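Notes follow the structure.
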Amino acid sequence: MRRRLVAARAAMPDAERAAAARLIRDHVLEMPEVSAAGTVAAYYSVGTEPDTHGLVFALWKRGSYVVLPVLLPDGDLDWASYEGPDSLAAGPRGLLQPVEPVRGPGTVARADVVLVPAMAVDVSGKRLGRGGGCYDRALARVGGQVPTIGLIYDDELVPSVPAEPHDRAVRAVARPSHGVTWLPAPVPGAESAGRSRSYP
């Protein structure tokens, strides 16, 4: 599944990818939970991931305290503040990371909203990442009522993904054409419940 998703992302035209980034940015910025957030734990996208650079900049410019991950040697994530594009430097695995002092792995637990990378998310909120487990460790520190939002392309909300006992679910996804979907999402034909929206 991961190989198929990587190939589909690689085949996406640049213009479509750029348009998707703008739509995801706008959907996230319009969320009341994000507008009210004092601290947002975000990430700086790489490669063919939905681009978050504009979103991170917009959050910072409007006054949110934005923290980005710093990859530790053991695969865990520390966090440091984003202070504009010039506050980033090259890190491991092709990442751009903040050069500000790290605040500790527990910093993510104090965020009001957590934006999460994903290859795919299923209708129960289970997330398929790159396989390193970094975000599963980070999400284990986040309280159950904090919005954790996977940023994915339109066709990457799927019926199910492979999951291990340590995998941590997200509470919502943001997609270009569908906006924000709270999870677990109902299956087609099922009655909608809570804040969930229908699964296309």
### Query
Do we find that Ala190 is more than 16 Å from the chain's Cα centre (by Cα) and either among the aliphatic types (A, V, I, L, M) or at pLDDT 95 or above (or both) in this structure?
yes
### Query
Looking at this structure, is Ala80 open to solvent by less than 30 Å² (accessible area, probe 1.4 Å) and under 15 Å from the mean Cα position of the chain (by Cα)?
no
### Query
Taking only pairs six or more apart or across chains, which ones have beta-carbon atoms under 7 Å, a first residue in region 40-66 that is under 19 Å from Gln97 (Cβ atoms), and a second residue that is open to solvent by 50 Å² or more (accessible area, probe 1.4 Å) and of a type in the set (Phe, Trp, Tyr)?
Val66/Trp60
## Note on the structure
Selection from region 59-88 of residues among the polar types (S, T, N, Q) and either at pLDDT below 95 or more than 15 Å from Ala41 (Cα to Cα) (or both) yields Ser87
### Message
If the requirement is being open to solvent by 20 Å² or more (accessible area, probe 1.4 Å), at pLDDT 95 or above, farther than 18 Å from Val34 by Cβ and not aliphatic (A, V, I, L, M), which of these qualifies: Asp167, Asp154, Asp122, Asp112?
### Response
Asp154
### Query
Which of the residues belonging to region 143-169 are part of a loop (DSSP other than H, G, I, E, B), acidic (Asp, Glu) and out of contact with any helix residue (DSSP H, G or I) (no Cβ under 7 Å at 6 or more places or on another chain)?
Glu164
### Query
Looking only at strands (runs of 3 or more DSSP E) that fall completely inside region 1-94, which ones have 2 or more residues that are over 14 Å from Val116 (Cα atoms)?
65-71, 77-81, 88-90
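The values are calculated or read from the model by the stated rules, or taken from the named source; none is laboratory data. Quick caveat, the model's predicted, so the values are computed rather than measured. A quick note on method: Cβ atoms are made from the backbone with ideal geometry, for glycine too, and the neighbour counts reach across all protein chains shown. Accessible surface is based on the protein model in full, side chains and every heavy atom, while ligands, DNA and RNA are left aside. Shrake-Rupley method; radii C 1.70, N 1.55, O 1.52, S 1.80 Å.
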